[in-house]
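Student: I have a structure here, written as structure tokens, and I will follow up with some questions on it.
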Amino acid sequence: MTDHSRPSTAHTREDRTQALPARWAVMAAEAAPELRQLNHGQREQGFRVLAERFDVSPQTLRRAVAMLKFVERVESSQLMAGLNLRAVPLAGLEYIKKWNGYDAKGAAAAAKELVKGASVEAIAAGESEARARLSPTLRGRALAVGYRQYLAEYLSDILRLDEYISVKSKNNPWYSPSVDCCFIKQNDADFSLAAIAMGPYESDVAYRRMLNYWMVRSAGLSRLFSKVILAVPTEEIAQLGADWLKQNNMLDGSIEVMQVEI
């Protein structure tokens with residue numbers, strides 16, 4: 001009988017059981033104490049400065065710092081105690097974190113395989129199979145709702161590092177523009193951040209065809225919010241969005257096209 005809770009290890013890398021921390025973990029461990037010392041309003045600039053030091057994007061550094069918090073929490077848990085999670089790829093751990101949200105035992109089994117050398121691709125496939133098996137299949141409107149809920153949770157985890165707090169839609173006045181999730185700075189309610197999810201659509205062709213519409217919508221929202229995040233499912237679409245901003249001379253940072261995988 002096949003154990004679907006354990007990812008295939010057909011594509012493997014070296015065993016990481018005794019390996020040194022990966023670069024993301026080293027960056028996060030160095031950056032986190034410095035970020036904690038910054039006053040409110042300085043953290044976003046702090047992320048940019050530190051990201052330049054490590055030669056990565058601010059988003060990558062945010063992901064690393066957020067993941068370090070997750071690792072610190074689960075590495076002392078009964079299921080993942082003793083696992084050398086700081087030595088594995090950041091992308092692989094992001095699948096483990098998503099998996100852990102609905103199947104802690106399956107996530108722990110996958111984390112063990114990741115430490116032993118399973119590839120990120122194998123972990124991604126395992127998480128996809130587990131989600132399909134343990135969750136009702138999402139289609140149409142249900143898929144859209146599920147993706148937007150995941151987007152809100154994903155951004156809340158990352159933006160909490162910059163002292164953002166989520167604003168529930170039921171608290172918004174009737175005339176507020178429609179967005180999927182909204183955040184404000186803890187000590188600066190005038191600084192608002194809105195996020196919208198593109199689609200979801202069933203094909204890459206549909207994403208490319210509809211990109212201009214979503215970029216124009218993001219541009220409109222940027223007149224009403226301090227910053228707008230457009231979530232897209234692939235790196236290709238994210239790059240096309242970045243090209244759109246460049247071609248339209250909108251590089252002031254008020255719009256960010258972010259890959260958030262469905």
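The values are calculated or read from the model by the stated rules, or taken from the named source; none is laboratory data. Fair warning: this is a prediction, and the values are worked out from it, not measured in the lab. Cβ placement follows ideal geometry from the backbone for every residue including glycine, while neighbour counts extend to all protein chains displayed. Quick note on the areas: whole protein, heavy atoms, side chains included, nothing else; ligands and nucleic acids left out. Shrake-Rupley method; radii C 1.70, N 1.55, O 1.52, S 1.80 Å.
Student: Is it true that some residue in the range 59-77 is modelled with pLDDT of 90 or more and over 22 Å from residue 97 (Cβ atoms)?
Tutor: No.
Student: Still on this structure, I have one more. Among the residues of the range 215-262, which ones are open to solvent by 60 Å² or more (accessible area, probe 1.4 Å) and of a type in the set (Asp, Glu)? Can you show your working first?
Tutor: As a first pass, look at the range 215-262 and keep what is open to solvent by 60 Å² or more (accessible area, probe 1.4 Å): 216-217, 223-224, 235-236, 239-240, 243, 246-249, 251-252, 259, 261-262.
Passing the criteria: 235, 236, 243, 252, 261.
Student: Is it the case that the range 178-199 has a residue that's more than 24 Å from residue 251 (Cβ to Cβ), open to solvent by 40 Å² or more (accessible area, probe 1.4 Å), of a type outside the set (D, E, K, R) and free of Cβ contacts under 8 Å to residues at least 12 places away in the same chain?
Tutor: Checked the range 178-199: at least one residue is more than 24 Å from residue 251 (Cβ to Cβ), open to solvent by 40 Å² or more (accessible area, probe 1.4 Å), of a type outside the set (D, E, K, R) and free of Cβ contacts under 8 Å to residues at least 12 places away in the same chain.
Student: Going residue by residue through the range 78-87, is there one that turns out to be under 23 Å from residue 35 (Cβ atoms), over 19 Å from the mean Cα position of the chain (by Cα) and surrounded by fewer than 20 Cβ atoms within 10 Å (Cβ to Cβ)?
Tutor: Filtering the range 78-87 for residues under 23 Å from residue 35 (Cβ atoms) gives 85-87.
This time we only want the ones that are over 19 Å from the mean Cα position of the chain (by Cα), so: 87.
Add one more test, that the residue is surrounded by fewer than 20 Cβ atoms within 10 Å (Cβ to Cβ), and what stays is 87.
Checking the range 78-87: at least one residue is under 23 Å from residue 35 (Cβ atoms), over 19 Å from the mean Cα position of the chain (by Cα) and surrounded by fewer than 20 Cβ atoms within 10 Å (Cβ to Cβ).
Student: Just to be sure before I move on: is residue 45 at pLDDT below 90, within 26 Å of residue 256 (Cα to Cα) and not aliphatic (A, V, I, L, M) in the structure I sent?
Tutor: Numbers: at pLDDT below 90: yes; within 26 Å of residue 256 (Cα to Cα): yes; not aliphatic (A, V, I, L, M): yes.
So residue 45 fits the description; yes.
Student: Let me ask another. Looking at (1) within 19 Å of residue 149 (Cα to Cα); (2) open to solvent by less than 20 Å² (accessible area, probe 1.4 Å), which is the only condition residue 211 fails?
Tutor: (1)
Student: Mind listing whichever residues of the range 60-77 are open to solvent by 50 Å² or more (accessible area, probe 1.4 Å) and touching a residue at least 60 places away in the same chain (Cβ under 8 Å)? So that I can check it myself, show each step before the final result.
Tutor: Kept after step one, since they are open to solvent by 50 Å² or more (accessible area, probe 1.4 Å), are these residues of the range 60-77: 63, 69, 72-73, 75-76.
Correct list: 63 only.
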